[in-house]
Every structure is written in C-alpha cells, then in structure tokens.
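Heads up, the thing below is written out as structure tokens.
The values are calculated or read from the model by the stated rules, or taken from the named source; none is laboratory data. Model, not experiment: these values are computed from the prediction. Here the Cβ positions follow ideal geometry from the backbone for every residue, glycine too, while neighbour counts run over all protein chains shown. Surface areas here come from the heavy atoms of the whole protein model, side chains and all, with no ligands, DNA or RNA. Shrake-Rupley method; radii C 1.70, N 1.55, O 1.52, S 1.80 Å.
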Amino acid sequence: LAAAARGEFDPYRVLGVGRSSSQADIKKAYKRLAREWHPDKNKDPGAEDKFIQISKAYEILSNEEKRANFDRYGDAGESQGFSQQQHRQFHRFHDGFYFDESFFHFPFNSERRDTSDEKYLLHFSHYINEIVPDSFKKPYLIKITSDWCFSCIHIEPVWKEVAQELEALGAGIGVVHAGYERRLAHHLGAHSTPTLLGLINGKITFFHNAVVRENLRQFVENLLPGNLVEKITDKNYIHFLSHWRKDNKPHVLLFDHMPVVPLLYKLTAFAYRDYLSFGYVYVGLRGTEELSSQYNINVYTPTMMIFKEHIDRPADVVQAREMKKQLIDDFLSQNKFLMVARLTSQRLFQELCPVKKSHRQRKHCVVLLTEEGEKFAEAYEAFLTFAVANTKDTLRFVHIYSDRQPEFADALLMDEEKYRGRSAVVILERRNNAGKIAYKVLEEAWQGSKEDNFILLDLLDQLRTDPGLLSSETVVADLNDELAPMFLIRWFYSTVDYISDWWDSLFHSNWREMMPLLSLLFSALFILFGTVIVQAFSDSSDTRDAPPSGKEETATKTEKNDASFSKESNSRIPKKSFVEVTELTDINYTSNLVRLRPGHMNVVLILSNSTKTPLLQKFALEVYMFTGSSSLHFSFLSLDKHREWLEYLLEFAQDAAPIPNQYDKHFLERDYTGYVLALNGHKKYFCLFKPHRSGDEGGTLGSCEDYDALQHAEARGKSSCSPGSRSIKNKLHKLSFWMERLLEGSLQRFYIPSWPALD
C-alpha cells in the first residue's frame, strides 16, 4: 500500500503481523514485544523508542476504526479522511496552478514533525503507574499537542530548547498526543491544543503565560515548595547544622557566587527532601566571611558539603566549576543517612536494614537501644565513635529510643532487669517483611568502655564467618512514626491545600470543567432571588386588597388565581379571644357576599331559632383557630326565614346533597340545620359541609358523600338529620377538618350563574 511504499510508520511491520491477522494474534504479538522491549528490562539504548513504536502500533491495530482508516488511507490520525487520490487531484487542480504543501514546509503530519518529542510521549497507563508516582520526586512539564495545529508548530522551537534544558537540570518532560491519547488528554483536563501544564506531587497546574523560555523556567520553579532551601549566613549556620539531631537528617550546604538559589539546586533539594536538609550560602554576600573561612571555601568554585553528627567538620565535600546533576546525585546518594541514624519510622528501618535477598547481599544492623538525656550521652558518643571506626558495606549502625519505641525494645530485651535504665546493643538481621528478625543481644549493658568495644568487635568478626551466631528469633511490630505531624496539623495543611486548589481552579482551570458547578450555583441563586421577588410583589398586592393580618404562611396547593386568598387564609393565629359571627340578612347580603372582595370567602352556618344557641357555640369552637385570617368571614343564616334561598343553592349541588321534588310530602319537614356553606362571592361558587350522621365515624368532610341511604331514610320520613336522631352538638363534628380542606383548596366547588336575592 501507499504507506508501506513510502516507508512511513507501518504498525503491521512494527508488530510483525499480517494485514489479515485477528485481534487475538495482534494482542499476542504486542504482549511478546512489550515484554522484550520494555525499557526497565531491556538496556538497549533504543529500547525506549522501540517500546513507544510498539505501543503506538498496538493502539492503531487494536481499534477497528483506526485500523480501517490506516488500511484505506495509510494514516490513522486526524487527516484520515483525506485520501491519496484526493491529494493527487488537489495537486492537479488547474493546469497552470497547484498547491504543493512541501513548498511551504508546513509540518502538519506527525511523520514530518520533529522527532525529538517521541522519547517524551506518554500513554495513559504509563502516566498513571510511573509519571504520577515520580512527580513526588521531581516536577513534570507536559505538553499536549496534536496534528494540524498551527500554534503547536509556533511554540516548537521554544519547547525543544526548554525541554532539553530542564531535563538536564532534573525536571521531567512529557508529551501527550491528543489524537492518539484522547483519554489521557481528557484526564489531564486539556480540551485544546497546545496546552502546557505542570505536575508535582500528583497535582496538575496549567500554564497561562506567553510561551517563552523565561516564563517556562519560572513556571517550573514556582511549582516547587518555597521552603526547600534555607538561606545561610554567619548568624544562622550553627543553628542550621545543629538541627541534625531533631531532623534526624544530614545537612547540606552549597557555596556559590550566584545571588539566587540555582534551579538545579532547588530540584535536587526537592528530590532528596525526605533524606537531607539543604542550605545555600551566597559567598558574595557580606556576612558570610566567617562561614567561608571556617570551612576553607574557595569562593570562585561552587562547593557542596555534607554535615552529619559533627558540625565542626564536613563528612564529605565535592567541588566543581560546573555542578552537573549526575555529579550531585552520586554525591548525595552516598550520604543520605547519618553515621548512626535514629530509627524513627518503619520506612527508615526498612531502608537502613533491608531484608536479605541472598547470602552475598546479607546486611546486618547494629542497634543501640538507649534513651534521651545526659545520662545516656556518654554511651551514645562511644557507640558513634565505634561506628565511624568500623563502617563497612555489610554493616549499618543505628540507634533507637526505647521509651519512644517500647514494643520494639521489649521484643528484643525481654524486659530483663539488667538492661532497665541502661543502654544495650543488639545485632540483628531482618528475615522478611512481616517483621521476623534474627538477633543477638550483648550479654552486658553498653557503657562504651574499651571492654564493650572489644566484645562488640569480636562478635562482628565472628558474624562474618558464622551467620548462625544470630541464634535468637522474634517478630517485631512496625515502628511508630515519631516525626509524623499531629492530626490537627495534618488537617490544617490538607485544608490549606484544598482551598489553594479550589482557588486555582476557580481562576485558572479549564472553564468546561467549571460549567456544571457554575450552572448549579447560578440556578440556585436564580431560584432564591426569584422567590424573594415574587414574594415581594405578592405581599404588595395583598396590602392593597386587605389590611395587614400579622404573620402569614403561603399556601402551596391553591390555584394561581386564588394565591392571595391562600396566603392569608393559612394564617392560623387568632387575633381575638372570641369569634365574630354576624347574621346574613337582606341588609348586609350585598356587602357580605355579592360584592365580597376578591380572594375572600364567607363561611355561613345554617341554623333555626330552636338550634341557634348550641350550634353557634359549637361553630365558634370549631372555627376559632381559623379566625386569624382576614380573608375569612363568618356568618349564620336563619333557616326559618330563608329556606327558599338555601334550597335554590342546593339545587346546584345535586350530586352532593340531592334535593327531592318540592311536591314531596316531606318537603317542609327537611332539616338543614348544621349545614355550612363557604361562599366565594367574586367567583360565584360555594363549598358544602353536611352535618355528621350518628354512627358515621368518618364524618362528612366534603360535599361528596353516599346519599342513597339518606334518600331512603327521607322517603320513609326518618331523616338522619332530624334532631331526634342525633344531638345538635354533634352536627358540626369534624367541621375543623373540613375547614382544613377548604384552605387547601381540595373541596369540590359548585358554581352558580348568579347569586339569588335574599328576601
């Protein structure tokens, strides 16, 4: 095909499979080649580039769409739809004119671009499993790029220069091709190309300035913590070097004539921050003469010194006119620990006393179990002197405070009386990571005398030829982390980091990721302020319609047109100690009903002269809790005077209270006392409450009821509503529940064409 003929990247040739190979064959070939060419296992100089090609080839062939595009066009990238035939036709667009891309040298396709980025290419699994953990040792500068990207081409020269410079200083460099690694690009939050970002301690920071060398260097430097390197002068160098006991670390001093700390030194300090403390001395600054004279410093040559237990003389020194990263790494890696380091954590114990892997790699630890205070200082100094004189590759001298690691001390000394309050020396060897050790304790307590030195030296000589000397075995628990910060301090630092990340995300992160949060925030604000505005307008409308009525509660289930009524009628706080009930007569009929203000209702009790007193008392008791609303009015109607008016209204409620023919012989015997009507004069409708019947526990809460039994009873002349069948007091039983439903708007409404005259 065309791609193979031109000698371009061919994934089939890279994996060694045919074009008709199945996915299983392709996967098998990829696994075999990946194991063979993995850079961690293959030390060939070209192994990394070969491994990247293998991964890229598998990514194309494992995706059916990319594989089909490659088979058809010879390219699986973003230019996949532009076939060779179309390309040739484009060149022959006109007999006298054609456009040749090579004339302008636009490197649109990845094959034409600078191959210097290939060694920095990142894949998703490689980024998650290797780059992120490694970012705790060095910061990474990562570029997200793609084909057909003019801006990517524009920054290419600057990127190439800065990448080479920062890599030489110890920073990590990465390149993500968004066309091939869309999952990784999305994971990093890059939605456009080119995008530059920094990665340190697993956290991502985007670059937002102009792409020039100075800005990129400053960006990487700003990623580093600000307290990595301490400025040292004649006034504070003794205090700095004396902190070895508290920090349990060697201290490093770099003497240089640069006024600012070099980026190389900051990157080195970040990489070794768990093992060493760093200070910087600007030899050209006034106030460093005593320091330079004390250690005989050549002010014209950069000098690096490591101080351990003795601050009057360095444990090791290196000088070079040009400090290189490799030179510094070799120097520091050999001096990561004190001569007699204190075991302050399980991690340090595992590093200083590793588990033996073979007989040749056997390493023994000589442990001094002591305590703090002047009482034990002499024994410690004697042990330190012995350690300095007998340092060997197969021996590691350490000490531990028994009072801070009591479980470790008890497991080795068995709480013997002769070691109580005194120092002891133990020779041990770790057998596995589960805590099993073989050990031997010096028979007598360690006092640092010459006899103690001879006994320990003799045991170490025997140990070289007889590993069985460590005859005792035990299992020790993990050591406590003595230098771990307190919970409150860890919580404070975590809170500060969270706020810092949130602040950075708010102003600098990709806005596409912020859109859901912003949408939720603005929606909540819109609902909140919209509710306040609607409430304000509703309150002003109610003020015009009715006098103030105290605290009010908005009803939520009434119709839109009855909103003002609902709000006011839900106010249940009585303003008076009595219920004001007026009689509905022809004099006040128009004002109390026909021309009743919109949103107001008149609740009318039907009574007779004989039942007036008990019914009014019960009525007042049932409706008292609803008198706090100014939209409700309470009246009573005399059945003796206005029976025809009532029966005219009830004809519109035939389904709820069927009325027999007026020529029925029981017409004049019908008892309507105890009926309650809620009349809405403005909208011309009413709701009906029928009295409670004896034996009906459920009551009559609405106008819809089973009225067949009532019809039969009335036909026999035995009305269930007659005073003789139940007490007058029980007629208004559960009226309060009916009032609740009235205010909810859930009662049936009976509309009439017009209000009849009350004669």
inquiry  = Condition (residue is under 37 Å from the mean Cα position of the chain (by Cα) and at pLDDT below 80) applied to the range 19-32: is it met by at least one residue?
reply    = no
query = How many residues, within the range 37-66, are surrounded by 14 or more Cβ atoms within 10 Å (Cβ to Cβ) and either hydroxyl-bearing (S, T, Y) or part of a helix (DSSP H, G or I) (or both)?
reply = 18
query = Can you find a residue in the range 132-148 that is buried (at least 16 other Cβ atoms within 10 Å of the Cβ) and over 34 Å from the mean Cα position of the chain (by Cα)?
reply = no
ask   = If we scan the range 370-386, do we find a residue that is under 28 Å from A168 (Cβ atoms) and over 46 Å from the mean Cα position of the chain (by Cα)?
value = no
Number of the condition not met by N680 [criteria: (1) at pLDDT below 90; (2) polar (S, T, N, Q); (3) surrounded by 19 or more Cβ atoms within 10 Å (Cβ to Cβ)] = (1)
The range 335-349, residues that are in a strand (DSSP E or B) and either over 18 Å from E372 (Cα atoms) or among the hydroxyl-bearing types (S, T, Y) (or both) = none
ask   = Hey, which of the strands (runs of 3 or more DSSP E) in the range 153-212, taking only ones fully inside, have at least 1 residues that are open to solvent by 40 Å² or more (accessible area, probe 1.4 Å)?
value = 203-206
query = modelled with pLDDT of 80 or more, open to solvent by 90 Å² or more (accessible area, probe 1.4 Å) and aromatic (F, W, Y): does that describe F526?
reply = yes
key: Residue that is most open to solvent (accessible area, probe 1.4 Å) [pool: residues in the range 213-226 that are more than 27 Å from the chain's Cα centre (by Cα) and among the polar types (S, T, N, Q)]   = Q218
query = Would you pick out the residues in the range 294-346 that are of a type in the set (D, E, K, R) and crowded, with 17+ Cβ neighbours inside 10 Å?
reply = K308, E309, R342
request  = Taking the options E351, E416, E374, name whichever one is surrounded by fewer than 17 Cβ atoms within 10 Å (Cβ to Cβ), of a type in the set (D, E) and over 23 Å from K308 (Cα atoms).
outcome  = E416
request  = Consider only pairs whose beta carbons are under 7 Å apart and that are at least six residues apart or on different chains; among these, list those whose first residue lies in the range 432-445 and is open to solvent by 30 Å² or more (accessible area, probe 1.4 Å) and modelled with pLDDT of 90 or more and whose second residue is of a type in the set (A, V, I, L, M, F, W, C) and part of a loop (DSSP other than H, G, I, E, B).
outcome  = K440/L470
